[in-house]
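> Before we start, here is the structure in question, set down as structure tokens.
Values in this text are rule-based calculations from the coordinates and carry no lab data. What you see is a predicted model; the values in this text were computed from it and never measured. As a convention, Cβ positions derive from the backbone with ideal geometry for all residues, glycine included, and neighbour counts pool all protein chains shown.
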Amino acid sequence: MTVTALAKQGKTASRQLAQLTETTIHTALLAMADALLAHQDVILAANERDRAAATSLSAAMMDRLTLTAGRVQAMADGIRNVAALPSVLYEGHSTRRPNGLQIEKRRVPLGLVGVICE
């Protein structure tokens, strides 16, 4: 699948995710953390294949590519930490200008963010 196709799918999914409740998001994040740990063996095996194919990387790059049980646990812990944060979506404030115009600021879902990894 191309990066463009993945980005289009991500954009569509971001619109759907933006409509989820705080409880649903919390539940999904905890399920993601649980799934990482439940599928750790499969993830580590795939990572080992990636490492075997990466023959020309420096030691530092190989370290960045390497997953261990501890690193997978840290990822799961990080997701749980995010799930434990209070939601700030739709919080905000409003002000009224001297001419009567009311201005509101609201926190809303960001949408799609792309990250390119080495």
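> What net charge do the residues around Ser87 carry, taking every other residue with its C-beta under 10 Å from that of Ser87, with Lys and Arg at +1 and Asp and Glu at -1?
That sum, taken over residues with Cβ under 10 Å, equals -1.
> Further question on the same structure: Using the Cα gyration tensor of the range 11-74, with a ≥ b ≥ c the square roots of its eigenvalues, what is the shape: rounded (a/c below 1.5), prolate (a/b larger than b/c) or oblate (neither)?
Cα axes put the range 11-74 in the prolate bin.
> Which GluC sites (Glu not before Pro) does the range 15-95 hold that lie in a coil by DSSP with at most 11 other beta carbons within 10 Å?
Glu91
> For the chain, take the longest principal axis of its alpha carbons; what is the angle in degrees between that and the long axis of helix 40-53, to the nearest 10 within 0 to 90?
The helix 40-53 is inclined about 70 degrees to the chain.
> Turning to a different aspect of this structure: When a/c reaches 1.5 or more, the comparison of a/b and b/c decides; with that in mind, is the range 60-100 rounded, prolate or oblate per its Cα gyration tensor?
Verdict is oblate for the range 60-100.
> How long is the chain along each principal axis, judged by its Cα atoms, biggest number first, in Å?
66, 29, 26
> In deg cm²/dmol and to the nearest 500, what is the mean residue ellipticity at 222 nm of the chain if only DSSP H runs of at least 4 residues count, each as -39500 (n - 2.57), divided by the residue total?
-19000 deg cm²/dmol
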